[in-house]
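Please read the structure below before turning to the comments.
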Amino acid sequence: MNVFVTGGAGYIGSVCVSELCNAGHQVTVLDNLSEGHRSAVDPRAQFVQLDLEDRDRVAEAVKTSQAEAVIHFAAYALVGESMTNPSKYFRNNVGNAINLADAAVAAGVRKFVFSSTCATYGPPDKIPMDEGLPQRPINPYGESKLMFEKVLRWYHELHGLEFVAFRYFNAAGASPEFGEHHRIETHLIPLVLQVALGKRSHIDILGSDYPTPDGTCIRDYIHITDLAQAHIQALRPGICGYFNLGNGEGFSVREVVAACEKVTGIKIPFQDRPRRAGDPPRLVASAQKAIQELGWKPQYPRIEEIIRTAWAWHQRHPNGYLD
Ligand code: UDP
């Protein structure tokens, strides 16, 4: 298929583009390189540097690519930042995403695959979390993704645009070629690995008074290659709706730090710090729907294996894509 991928120079997008190319798809990547890296774009893909704000050019790019499917990764994705700058999140993650959805409808695109998030649920009433839970986000990041899920539901109903909204839990790990490099890193695993590389003195544990067994937040970490494979499955005609993507197992911040120590063989100093605004205490997926309806099967269910792939990439690229 001809697949138009926004955010294909970013962390999850870069791995998905590479997997799409491996599967024989023709890929066009749109990215404004605000967070992404040009060298993270698989050389087999076409590249267009463009901001989704540029409505007319986006429409033209989608049309020119003869896209049959759009996969939309490009978005802001930091919970903490969304609590201090909500406008940035609503303008880009909702407003600019509508430019892309309109371009897709105008170009006759059949399938729209959207990177949503478990942050659309807010603190859940039950664990593991399935897709039927009420969505009550507690940060503008989650709210912005929920708003665009609703846009897609209406575009499906009114324009016949088939969509898949993947609610990711915590993306982690690396492929041999592509890994996680944010210009300002705020994510737990890469920060801990920076400590292991000697680039950072310690890790701050952001909240140790949560209602969890060790007082730190629990998250469900899912390997990016597994995430990428789900997107490829979603391109099949007839697949439509909302799907959680996670491993079904939760790890606390302290457990992740301990797993990183085990994988790297390096002691990780830490300091207990106050909570970060907007963080729910515990998010763990039930991905049964994706497993049953997509035939999706995670290949990296173990946290140590996920961290091992990230550690291999960071050791090879201590300065990320700046090497
Ligand atoms: N976290 C932490 N120290 C850090 C970065 C993150 O304790 O330096 C915690 C954060 O509060 C959350 C978990 O690690 O509970 C995962 O955070 P991350 O930013 O990696 O992903 P998020 O769950 O926000 O998408």
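The values are calculated or read from the model by the stated rules, or taken from the named source; none is laboratory data. Since the structure is predicted, the reported quantities are computational estimates derived from the model, not experimental observations. Counting neighbours? That spans all protein chains shown, and the Cβs are built from the backbone with ideal geometry, glycine included.
Which residues, taken from the range 242-273, are touching a Lys or Arg at 6+ places or on another chain (Cβ under 8 Å) and over 15 Å from Val192 (Cα atoms)? Tyr242, Phe243, Asn244, Leu245, Gly250 - these are the residues of the range 242-273 that are touching a Lys or Arg at 6+ places or on another chain (Cβ under 8 Å) and over 15 Å from Val192 (Cα atoms). Pairing each residue of the range 56-69 that is without any contact (Cβ under 8 Å) to a residue 40 or more places away in the chain with any residue that is not in a helix (DSSP H, G or I), provided the two are 6+ apart or on different chains, yields C-beta distances under 6 Å for Arg57/Leu50. Just a yes or no: is a residue in the range 266-284 touching a residue at least 24 places away in the same chain (Cβ under 8 Å) and more than 15 Å from the ligand (Cβ to nearest atom)? Yes; the residues of the range 266-284 include at least one that is touching a residue at least 24 places away in the same chain (Cβ under 8 Å) and more than 15 Å from the ligand (Cβ to nearest atom). Within the range 78-108, the set of residues being within 15 Å of the ligand (Cβ to nearest atom) and surrounded by fewer than 18 Cβ atoms within 10 Å (Cβ to Cβ) comprises Gly80, Met83, Thr84. Right, Pro134: surrounded by fewer than 16 Cβ atoms within 10 Å (Cβ to Cβ) and under 25 Å from Leu294 (Cα atoms) or not? Criteria met by Pro134. Looking at Leu206, Leu158, just one residue is crowded, with 16+ Cβ neighbours inside 10 Å and modelled with pLDDT of 95 or more, and that residue is Leu206. None of Asp54, Asp42, Asp31 is of a type in the set (Asp, Glu), at pLDDT 95 or above and under 16 Å from the mean Cα position of the chain (by Cα) except Asp31. Checking each residue in the range 209-223 for being surrounded by 18 or more Cβ atoms within 10 Å (Cβ to Cβ), more than 9 Å from the ligand (Cβ to nearest atom) and either within 21 Å of Gly36 (Cα to Cα) or without any contact (Cβ under 8 Å) to a residue 40 or more places away in the chain (or both) picks out Ile222, His223. For beta carbons closer than 8 Å, sequence separation of 6+ or different chains, a first residue in the range 17-33 that is outside any helix (DSSP H, G or I) and a second that is of a type in the set (Lys, Arg) and crowded, with 19+ Cβ neighbours inside 10 Å, there are no qualifying pairs.
Within the range 228-249, residues that are buried (at least 16 other Cβ atoms within 10 Å of the Cβ) have Cβ atoms under 7 Å from residues that are of a type in the set (S, T, N, Q) in these pairs: Asn244/Ser286; Gly248/Ser286, counting only partners at least 6 apart in sequence or on another chain.
In this structure, Lys297 qualifies as more than 10 Å from the ligand (Cβ to nearest atom), part of a loop (DSSP other than H, G, I, E, B) and at pLDDT below 95. Suppose we filter Glu149, Glu180 for residues that are of a type in the set (D, E, K, R), touching a residue at least 12 places away in the same chain (Cβ under 8 Å) and away from the ligand (no atom under 14 Å from the Cβ); which single one remains? Glu149 is the lone residue from the list that is of a type in the set (D, E, K, R), touching a residue at least 12 places away in the same chain (Cβ under 8 Å) and away from the ligand (no atom under 14 Å from the Cβ). State all residues of the range 229-265 that are more than 16 Å from the ligand (Cβ to nearest atom), among the aliphatic types (A, V, I, L, M) and closer than 29 Å to Asp209 by Cβ; if no residue qualifies, say none. If the condition is that a residue be more than 16 Å from the ligand (Cβ to nearest atom), among the aliphatic types (A, V, I, L, M) and closer than 29 Å to Asp209 by Cβ, then Val263 is the only one that fits. Pairs meeting the criteria (first residue in the range 184-208 and over 18 Å from Arg282 (Cα atoms), second residue near the ligand (Cβ under 8 Å from one of its atoms) and among the charged types (D, E, K, R), beta carbons under 8 Å, at least 6 apart or on different chains) are Asp204/Arg273.
Of the listed requirements (1) of a type outside the set (A, V, I, L, M); (2) within 16 Å of the ligand (Cβ to nearest atom); (3) more than 27 Å from Arg275 (Cβ to Cβ); (4) not in a strand (DSSP E or B), His156 misses just one: (2). Residues being more than 17 Å from the chain's Cα centre (by Cα), outside any strand (DSSP E or B) and in contact (Cβ under 8 Å) with a residue 40 or more places away in the chain are represented in the range 161-172 by at least one member.
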